[in-house]
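A short worksheet on the structure shown next.
The values are calculated or read from the model by the stated rules, or taken from the named source; none is laboratory data. Everything numeric here is computed off the predicted structure, so don't read it as measured data. Please note: Cβ atoms are built from the backbone with ideal geometry, for glycine as well, and neighbour counts cover all protein chains shown.
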Amino acid sequence: MPSQMILILMAFVLGIIGGFTEFSLVVNVAHGISRIFVNILELISIPLIFLSIASTITGMTSIDEMKKLGKKVLKYTLFTTIVAASIALLLFVIINPVREMPRLAGSVSGTGTLSHYFSFLAKIVPSNLVQLFGDNANVAGVVFFAILLSLSILTLPKEQKNLLQSFFSSFFAAILKITSFVLVLMPIAVWSFVTIFVTEIGSSFSALTNLVLYFVVLISANLIQGFIVLPLFLKYKGFNPQKVFKGMSEALTVAFFSKSSSTALPLTLKCAKQKLGVSDRVASFSLPLCSTINMNGCAAFILVTVLFVGMSNGFTFSFLDMVLWIFIATAAAVGNAGVPMGCYFLASAFLASMDIPLYLLGAILPAYALIDMIETALNVWSDSCVTVVVDKEV
């Protein structure tokens, strides 16, 4: 969407100008527009998180599917995604992009008791649905309930399961339509967010430094996963990483420029079968499934973005919070639609549900196109690695 990107860049520049002028009318209009946009995101945030996970898991044929071929795909998918999120968290702690915030060592005091761990886990399990989907929504609880309900649906008789899966997938498709409408309004939202952001930081350059460090964390996490972790995974399983990469290079190129693992799927299937010799049975099952649930780059983006934007707005995360976000980001990435900006909307949904201001997302968005390209290529590369390993083991 080149024209949309041009409008977003123009909105970004106008937002900087509007912020530095500090005209009260301009700032007031920006606040009004941003509030409306945040309200829209808050409206769709919890349904987006819940339905993205529910529609994906209930789309699996059955528990038996997960026990057989799906079990191996799911095992390696979750493994690589959790590793990607963990690397992102480690880099976030080491580089510390929110420099004015205390480092991890200062945030874990008083969290080491057994009672605290049980209290922490108890918060993940909601006591009722009103609490789960109410004004103070429990994001971790939403993820937990979505997974629990979805796995339960897989055990139902076929007719009931298909009915519920159709409902969740159709509802999720409708929510995605709303996000596509929101995308059309994104340039206006970017202008308002950037205007407010520039007004608030004034002449301080620390916020700009923090943004640069945020991008360093995010891109480094993706590159480490793509060029170190996944090749080591292939080597451990007896494959030549260079040969696999060369065989999938066409699909990775399409994924990079299309920013959609779903769009690249036909070519991904062709490369896997014709250039790497993956069996049709495994490729036709694993790659479509992986294009939906194997989102290494997305997990890293959600974790880093939630922590960065949250901490930049004074939101504190304990050590346990950060570790929990590895699994929340993984679960959300598993349920993410393989479409452009899917991760961005999920991250914004999490932040909106936590009542964290979203102004920084406007500053992140102009560079997100490049991040989305890298993430999508990483996702397809991970899909390919998982598929060739599964093909060898079944």
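Below is a table of values for the structure above.
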| read-out | value |
| --- | --- |
| Condition check for F145: assigned to a helix (DSSP H, G or I), touching a Ser or Thr at 6+ places or on another chain (Cβ under 7 Å) and modelled with pLDDT of 75 or more | no |
| Residue in the range 83-101 that is in a helix (DSSP H, G or I), of a type in the set (G, A, S) and at pLDDT below 85 present | no |
| Meets criteria (modelled with pLDDT of 90 or more and either of a type outside the set (S, T, N, Q) or over 28 Å from L149 (Cα atoms) (or both)) for V306 | yes |
| Filter result (of a type in the set (A, V, I, L, M, F, W, C) and either over 15 Å from A363 (Cβ atoms) or surrounded by fewer than 14 Cβ atoms within 10 Å (Cβ to Cβ) (or both)) within the range 218-231 | I219, A221, L223, I224, F227, I228, V229, L230 |
| R35, sole failed condition from (1) within 25 Å of F145 (Cβ to Cβ); (2) at pLDDT below 85; (3) not in a loop (DSSP other than H, G, I, E, B) | (1) |
| Count of residues meeting criterion [over 13 Å from Y359 (Cβ atoms) and surrounded by 14 or more Cβ atoms within 10 Å (Cβ to Cβ)] in the range 24-35 | 2 |
| Among residues of the range 293-337, those that are buried (at least 24 other Cβ atoms within 10 Å of the Cβ) and not hydrophobic (A, V, I, L, M, F, W, C), counted | 7 |
| Odd one out for A264, checked against (1) assigned to a helix (DSSP H, G or I); (2) farther than 14 Å from W381 by Cα; (3) among the small types (G, A, S) | (2) |
| Residue match in the range 314-331 (condition: free of Cβ contacts under 8 Å to residues at least 12 places away in the same chain and outside any helix (DSSP H, G or I)) | yes |
| Selection count, the range 149-188, where residues are farther than 21 Å from L7 by Cβ and not in a helix (DSSP H, G or I) | 3 |
| Matching entry among V194, V244, V190, V198 (being in contact (Cβ under 8 Å) with a residue 12 or more places away in the chain and under 21 Å from the mean Cα position of the chain (by Cα)) | V190 |
